[in-house]
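Input: a single structure, listed below in structure tokens.
The values are calculated or read from the model by the stated rules, or taken from the named source; none is laboratory data. The shown structure was predicted, so the numbers you read here are calculated from the model rather than taken from an experiment. Note: ideal-geometry Cβ built from the backbone for every residue, glycine included; neighbour counts use all protein chains shown.
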Amino acid sequence: MEIDFNAILNLLSLSPAGASVPSPIFWSLFQYIIFILAFIALILMPDKNLPSTLLIAFVLMAAVVAKLAVAGASISAFFQPRALGILFLNATTALFPFLVAGMTRTRKRSNPVVPIGILLGIIGGVYTFAFWFFVQQ
């Protein structure tokens, strides 16, 4: 089995060739922001917070799968841009960060994961609604 790195880089680029949605740059920017904020939250997560860590890891995975679906990758019919699976993945990017912000335990009063989680949830909610309204209809 050969791995085509050019195809992988094309699918993960800002404006992929053969995108299956209109204006893929707009949706790609949203997904990059969601991925970067979720990665920062994962790095800053305090110790002994396994449920919160798993929820943020699922947000990372959902952002990658949604990016591949927007780029036009040949994946399951359940994960096509206008399918129900992408709506569920986008909804997790809106819901799970709020759960993480509420569930994260720490000894200190100020925890940097809480404001990042709230910001990530708001951005994920805006992305979910906009993608549903303009693409999935």
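There is at least one residue in region 97-117 that is touching a residue at least 24 places away in the same chain (Cβ under 8 Å), touching a helix residue (DSSP H, G or I) at 6+ places or on another chain (Cβ under 8 Å), surrounded by 21 or more Cβ atoms within 10 Å (Cβ to Cβ) and outside any helix (DSSP H, G or I).
Anything in region 1-13 that is part of a loop (DSSP other than H, G, I, E, B) and either at pLDDT 80 or above or among the acidic types (Asp, Glu) (or both)? List them, or say none. Before you say what the answer is, go through the steps one by one.
First pass over region 1-13, keeping only residues part of a loop (DSSP other than H, G, I, E, B): 1-4, 13.
If the condition is that a residue be part of a loop (DSSP other than H, G, I, E, B) and either at pLDDT 80 or above or among the acidic types (Asp, Glu) (or both), then 2, 4, 13 are the ones that fit.
Of the residues making up region 100-119, those that are under 16 Å from residue 60 (Cα atoms) and touching a Ser or Thr at 6+ places or on another chain (Cβ under 8 Å) are 100, 113, 117. If you go through region 14-34 and keep only what is assigned to a loop (DSSP other than H, G, I, E, B) and exposed (fewer than 15 other Cβ atoms within 10 Å of the Cβ), you end up with 14, 15, 17, 18, 22, 23. Here the condition is being modelled with pLDDT of 90 or more and in contact with a helix residue (DSSP H, G or I) (Cβ under 9 Å, 6 or more places away or on another chain); of 54, 68, 42, 50, it holds for 42 alone. Quick check on my filter: what residues within region 54-90 are small (Gly, Ala, Ser) and either buried (at least 19 other Cβ atoms within 10 Å of the Cβ) or not in a helix (DSSP H, G or I) (or both)? Residues satisfying the conditions are 62, 63, 66, 69, 71, 72, 73, 74, 76, 83.
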